[in-house]
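Okay, so here's the structure we're looking at.
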Amino acid sequence: MTVEYAPNGLIGVLTPQANTTVEPEFWLMLPPGVAMINARMTSDEPSLEARLIDYFDQIDRTVEQFHNAPIGAIAFATTGASYLAGIGRERAVVAAIAERTGVPLITAGHAVVRALKTIGARRIGFVSPYPEGLTKASIGYWQAHGFEVDGVVQIATNPDTFHPIYSIPAANAQQGLDRLAGKQLDAIVMLGTGMPTLEPILQRPEVGGAPVMSCMLCLGWASIDAVRGAEPDAAALLDFIRGKGWGPRLRERMVK
């Protein structure tokens with residue numbers, strides 16, 4: 001079925017309830033003819049960790065918000081839930097949703113893993129906006145996927161804002177990249193889907209020869225490939241990291 005604004009594919013995006021980054025960055029990355037619709041993942045749990053797990057617990061109900069919209073892929077736009085659930089449960093949830101809906105579920109975690117494997121990266125550095133406990137959980141997740149973690153920079157957050165992670169300025173994320181400049185790395189990943197990352201990547205797509213990517217960039221790339229039926233391609237991914245397609249759109253919208 002052809003959708004007026006999405007003749008080349010429609011993506012259903014699952015976004016954490018207060019996240020202010022996912023939708024703007026997704027729209028910037030989408031090429032002509034590909035569009036998205038959004039559903040908010042909500043939870044009344046008091047702690048960040050409990051809310052993240054709750055997003056997986058309630059995923060069937062959340063996906064139902066798309067009803068019979070002709071989506072070609074579902075993007076799960078939070079990485080923290082994957083860290084806490086672990087790779088076994090994450091794989092089980094992905095398989096169950098795909099079987100029930102007939103549509104692939106792409107988690108941000110799986111998108112990053114796919115991107116790193118596509119470019120043959122093994123030794124990875126990370127820029128993390130998370131509190132210490134979630135940062136440690138993330139390291140375990142990446143190691144379980146077979147990557148060597150060789151450098152983690154934690155970004156300072158402001159607890160007095162509406163949300164410590166979602167209110168991080170892009171400039172702070174850029175400073176995190178600077179602190180990994182002396183490492184011998186195959187890739188650098190900026191973690192989380194709430195910290196703005198497209199502008200820092202566009203300004204500095206590599207550090208010391210290591211491609212710079214983020215959970216949001218990888219999720220956008222993998223979701224676009226999914227609805228187009230494209231296989232992962234290293235050259236295309238590296239072009240995407242350098243801003244091919246989305247870079248000019250971001251430059252037009254940058255407000256200083």
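The values are calculated or read from the model by the stated rules, or taken from the named source; none is laboratory data. None of these values were measured; they are calculated from a predicted model. Because the Cβ atoms are built from the backbone with ideal geometry, glycine has one as well, and the counts that use them run over all protein chains shown. Side chains are part of the model used for accessible areas, which takes the heavy atoms of the whole protein and leaves out ligands, DNA and RNA. Shrake-Rupley method; radii C 1.70, N 1.55, O 1.52, S 1.80 Å.
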* What percentage of the solvent-accessible surface of segment 22-82, computed with a 1.4 Å probe over protein heavy atoms, is contributed by carbon and sulfur atoms? -> 51
* Asked: Counting each DSSP H run of 4 or more residues in the chain as -39500 (n - 2.57), what helix-only mean residue ellipticity at 222 nm follows after dividing by all residues, to the nearest 500 deg cm²/dmol?
  -> -13000 deg cm²/dmol
* Asked: Under a straight-distance cross-link criterion of Cα-Cα below 16 Å, which aspartates and glutamates are reachable from LYS244, leaving out those fewer than 8 residues away in the same chain?
  -> GLU25, GLU199, GLU206, ASP225, ASP233, GLU252
* Accessible area per residue, 1.4 Å probe, Å², for segment 1-90: what's the number? -> 43
* Asked: ³J(HN,Hα) across segment 218-227 via Karplus (A = 6.51, B = -1.76, C = 1.60, θ = phi - 60°), whole Hz, x for Gly/Pro?
  -> 5, 5, x, 4, 5, 5, 4, 4, 5, 6
* To do: Give the shape of segment 46-138 as rounded, prolate or oblate, defined through the alpha-carbon gyration tensor: a ≥ b ≥ c are the square roots of its eigenvalues, a/c under 1.5 means rounded, and otherwise the shape is prolate if a/b is larger than b/c and oblate if not.
  => oblate
* **Cα gyration tensor, the chain - rounded (a/c under 1.5), prolate or oblate** => rounded
* Asked: Which of the peptides 210-222, 83-95, 103-115 is most tightly packed, and how do the rest follow, going by the mean number of other Cβ atoms within 10 Å of each residue?
  -> 210-222, 103-115, 83-95
* Structure fact -> Scoring segment 69-153 by relative contact order with C-alpha pairs under 8 Å, at least six apart, yields a percentage of 33
* Could you tell me whether segment 181-256 comes out rounded, prolate or oblate from its Cα gyration tensor? Rule is a ≥ b ≥ c as square roots of the eigenvalues, rounded for a/c under 1.5, then prolate if a/b exceeds b/c, otherwise oblate. => oblate
